[in-house]
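First the structure, in the form of structure tokens, and then the observations on it.
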Amino acid sequence: MKFFNLYSDIFITKGYNRILISDLGRNISNLYPVELYELIIELKSTSIDSVLEHYDAESKTIARGYIDHLLEKEYGFITTDDWDTNFLPLSYEYHDYRPISNLFIEVEQLVLPETLIKSIINLGVKHLAVFCKNKVSLQDLIRFDNVFEDTPLEGIEISSVYSTEFSPASFQMLNNRTRRIYHLLFYQCQELPLVENTDYRFMLAFTKERLSINSCGKINMDDFNTNMPKILEAIHHNSCLHKKLGIDIEGNIKNCPAMPKSFGNINEMTIEEVLQENTIQQYWHLNKEEIVVCKDCEFRNVCTDCRAFTECSHENQFGLDISKPLKCGYDPYSNEWSDWSLNPLKQQAIAHYGFEQLRVRE
């Protein structure tokens, strides 16, 4: 008797029509028909021979082909006499001991209040994203990065209006004199600059678009992430808002700067005080299994989600918005992508957010 053993780092997400097999050891995901899921479930409790003997000739050929593919992709292995019990199953528990790990701030200029800097350090914030509504200089960036020298902060992401003062020499200097900036996005570029050297420590991006804080929340496959910590977080928590806080241009403390509900103002209270009230954490634990449509999607555990802009169709018993993200054009029931901004079923929600003139090409 032969037995199929699925490797413990292979995670399967079952959608309405398809499954997503995620190889957490290699950080790769692949799509398959949902019938493969049923076969894998059978093989977990029944020998290969016993499974195949219940199939007709055509189905046996298909099943053998699937098993060969699973072996070829190194999703599992075959043993004789019994399953291999030497490998412990992977724990799907997720732990993040920081009070918050991500902070997203909207600012006019690339400067933060001293009290906020102290809170970022005190809370052990891991990633800081800053959306700046104006131009920044090279010295602004260097100074901002250096503020967090010898602190727990690991990474800084900055979006700002493009300035023509930047040159390849500027970016090289920035590369040499900063440690935490890992992503720079310049928007409102009249002409996209040609940067020949891309061997910087940080990612560099340019766009002609006039971005705003409301430009976030677009769901597309380029942003899907087969990463073990992110998938484990998505299983238990909200993949966008868990352990995350936002501060808008007025200093209002929110789950995300683009969301309407404020839990206080940074000019009147600290982040620590907001966290102690235990109300801003409600959205942290809203995972995709609770969100309409998303719960049937094979991409739900690798997707970014968005609670700031939704279809505004459903709330749960606690008043939390459990609607599908507005800026998602994927239909898990047809497995097709479309331009979400042209979907007639979304027009009421689009009007609600004032996006009537928005046209997005996925």
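The values are calculated or read from the model by the stated rules, or taken from the named source; none is laboratory data. All figures in this text were calculated on a predicted structure; none of them were measured in a lab. Note: ideal-geometry Cβ built from the backbone for every residue, glycine included; neighbour counts use all protein chains shown. Accessible surface areas use protein heavy atoms only, side chains included; no ligands, DNA or RNA. Shrake-Rupley method; radii C 1.70, N 1.55, O 1.52, S 1.80 Å.
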To the nearest 0.05, how large is the calculated FRET efficiency for residue 150 and residue 55 if R₀ is 51 Å and r is the Cβ-Cβ distance? 0.20
Distance between modelled label sites at residue 86 and residue 126, nm, 7 Å Cα→Cβ extension: 3.3
Alpha-carbon centroid distance for the pair region 273-345 / region 1-59, whole angstrom: 28
Residue separation between residue 44 and residue 208 times 0.36 nm, minus their alpha-carbon distance, gives in nm 53.8 nm
If you count, for each residue, the other Cβ atoms within 10 Å and average over each peptide, how do 76-89, 306-319 line up from highest to lowest? 306-319, 76-89
Given pairs 218/254; 14/73; 126/288 and cut-off 22 Å on Cα-Cα distance, the over-length ones are 126/288
State the percentage of accessible surface on region 226-338 attributable to carbon and sulfur atoms; use a 1.4 Å probe and exclude ligands, DNA and RNA. 48
Determine the gain in length on full extension of the stretch residue 16-residue 277; use 0.36 nm per residue of separation and subtract their C-alpha separation, reporting nm with one decimal. 90.1 nm
In Å², rounded to a whole number, the accessible area per residue of the chain with probe 1.4 Å is 52
Sum -39500 (n - 2.57) across every DSSP H segment of at least 4 residues in the chain, then divide by the residue count to get the 222 nm mean residue ellipticity, nearest 500. -6500 deg cm²/dmol
Cα-only Debye scattering, region 36-161: base-10 log of I(q)/I(0) at q = 0.09, 0.13 Å⁻¹: -0.57, -0.65
Electrostatic dipole magnitude of the chain [Cβ: Lys, Arg +1; Asp, Glu -1; Cα centre; debye, to 20]: 900
Send over the per residue convex hull volume for the chain, Cα only, as a whole number of Å³. 179
In sequence order, what are the phi-derived ³J(HN,Hα) couplings for region 323-339 according to the Karplus relation 6.51 cos²θ - 1.76 cosθ + 1.60 with θ = phi - 60°, rounded to whole Hz, with x for glycine and proline? 7, 4, x, 4, 8, 10, x, 8, 10, x, 8, 10, 6, 10, 9, 9, 6
Report the one residue of 247, 283, 297 whose Cα lies farthest in the direction of the positive end of the charge dipole of region 223-355 (charges on C-beta: Lys and Arg +1, Asp and Glu -1; origin at the Cα centre). 297
Once Rh is set to the Kirkwood radius over Cα pairs, what Stokes-Einstein translational diffusion coefficient, in µm²/s, holds for region 86-135 at a temperature of 20 °C and a viscosity of 1.002 mPa s? 160
